[in-house]
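One structure below.
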Amino acid sequence: MQKLIKNLSYIWNKFKNDRESFWDELEEQMVTSDISINTASRILEEVKDYVYRENINNLEKVRFSLKQQIIEILKSNGDSKLNISPRPPTVFLIVGVNGVGKTTAIAKLANMFKKNGKKVLISAADTYRS
């Protein structure tokens, strides 16, 4: 989230001048900040609805709406369970840009599965760890 907040400051000036470009860049910033494309689209849909419905031209209100949508998603009680195959093996492909915590997340997942009695195999496929 910190990366998203930092990167947003670069595109806010487009809000008044070029809305379509603003929405496109906002979506791109969310996705590159590890928000899934589906979640980013859902957030954008809600924020755009609010902006156009209320005829919002105030950037602070747009920021507030964006923040509220993200908070609502984080607080939701949706299905956050991992999809485990009923027949082994279950395979997870973890992808992302450098420095976003993939290795740490993989280690935490492996530890969780081992504690739950599962067998774990981790394979690296990048040029630095393979």
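The values are calculated or read from the model by the stated rules, or taken from the named source; none is laboratory data. Bear in mind the structure is a predicted one, so any value in this text is a computation, not a measurement. Ideal geometry is used to build each Cβ from the backbone, glycine not excepted, and the neighbour counts take in all protein chains shown.
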Among (1) of a type outside the set (Ser, Thr, Tyr); (2) free of Cβ contacts under 8 Å to residues at least 24 places away in the same chain; (3) farther than 29 Å from residue 125 by Cβ, where does residue 73 come up short? (2)
So for region 81-92 (the condition being without any contact (Cβ under 8 Å) to a residue 40 or more places away in the chain, hydrophobic (A, V, I, L, M, F, W, C) and touching a Leu at 6+ places or on another chain (Cβ under 9 Å)), does at least one residue qualify? yes
State whether the residues of region 49-57 include one that is free of Cβ contacts under 8 Å to residues at least 60 places away in the same chain, farther than 24 Å from residue 4 by Cβ and among the aromatic types (Phe, Trp, Tyr). no
Among the residues of region 95-107, are any basic (Lys, Arg) and assigned to a loop (DSSP other than H, G, I, E, B)? no
Any residue at all in region 88-95 that's in contact with a helix residue (DSSP H, G or I) (Cβ under 6 Å, 6 or more places away or on another chain), modelled with pLDDT of 85 or more and assigned by TED's automatic domain parsing to the domain that holds residue 109? yes
Considering each residue of region 93-130, count those that are surrounded by fewer than 10 Cβ atoms within 10 Å (Cβ to Cβ) and either closer than 23 Å to residue 39 by Cβ or touching a residue at least 40 places away in the same chain (Cβ under 8 Å) (or both), and give that number. 5
